[in-house]
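Data block below; observations after.
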Amino acid sequence: MCIGAFLWELAHNPDVVTFQYGMIPAVLFGYADLPPRLAVIPPWATIFTSMFLHGGWFHLGGNMLFLWIFGNNVEDLLGRFRYLLIYFCCGAAAALIQAGADPTSQVPMVGASGAIAGVLGAYLIVSPRPNA
């Protein structure tokens, strides 16, 4: 989905898409408003849509590499529902924590790094350990 969203982002005006679907702390916390043409979804929804946008090919590639290496193992061990629950909850928590660090920031936040960090944490907890 992230790759599809990134290609969609590139096919449209990436700067506009970033402001429409990226999470902007000042907008989320009510310190600023987007112009009507950019306010296409509620601010709370950008917590989730921002996880599918990326700032460039290297940003996308790095995230997808880590997700490919660790994500399938976590999904195999926990099942699809619990895996997605961890992914979205960790991604939302990471976005809110980062936004809370500067709630008046008007810089859009994009990327799946927080969600993927949560998947890596789950991998460390649930992955089988070799006998030493």
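The values are calculated or read from the model by the stated rules, or taken from the named source; none is laboratory data. Everything numeric here is computed off the predicted structure, so don't read it as measured data. As a convention, Cβ positions derive from the backbone with ideal geometry for all residues, glycine included, and neighbour counts pool all protein chains shown.
Looking only at region 22-37, which residues are assigned to a helix (DSSP H, G or I) and either touching an Asp or Glu at 6+ places or on another chain (Cβ under 8 Å) or free of Cβ contacts under 8 Å to residues at least 60 places away in the same chain (or both)?
Kept after step one, since they are assigned to a helix (DSSP H, G or I), are these residues of region 22-37: 25-28.
Of everything in region 22-37, those that are assigned to a helix (DSSP H, G or I) and either touching an Asp or Glu at 6+ places or on another chain (Cβ under 8 Å) or free of Cβ contacts under 8 Å to residues at least 60 places away in the same chain (or both) turn out to be Pro25, Val27.
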Failed condition for Ala101, given (1) within 30 Å of Pro128 (Cα to Cα); (2) surrounded by fewer than 20 Cβ atoms within 10 Å (Cβ to Cβ); (3) not charged (D, E, K, R): (1)
Subset of region 46-69 [free of Cβ contacts under 8 Å to residues at least 40 places away in the same chain and either in a loop (DSSP other than H, G, I, E, B) or in contact with a strand residue (DSSP E or B) (Cβ under 9 Å, 6 or more places away or on another chain) (or both)]: Thr46, Thr49, Gly56
Filter result (closer than 13 Å to Gly121 by Cβ and either modelled with pLDDT under 95 or in contact with a Phe, Trp or Tyr (Cβ under 8 Å, 6 or more places away or on another chain) (or both)) within region 79-96: Gly91
Residues within region 98-132 that are aliphatic (A, V, I, L, M), touching a residue at least 12 places away in the same chain (Cβ under 8 Å) and either more than 14 Å from Leu67 (Cα to Cα) or part of a helix (DSSP H, G or I) (or both), tallied: 11
Selection within region 7-40 - over 21 Å from Ile97 (Cα atoms) and either touching a helix residue (DSSP H, G or I) at 6+ places or on another chain (Cβ under 7 Å) or buried (at least 18 other Cβ atoms within 10 Å of the Cβ) (or both): Glu9, Val17, Leu34, Leu38, Val40
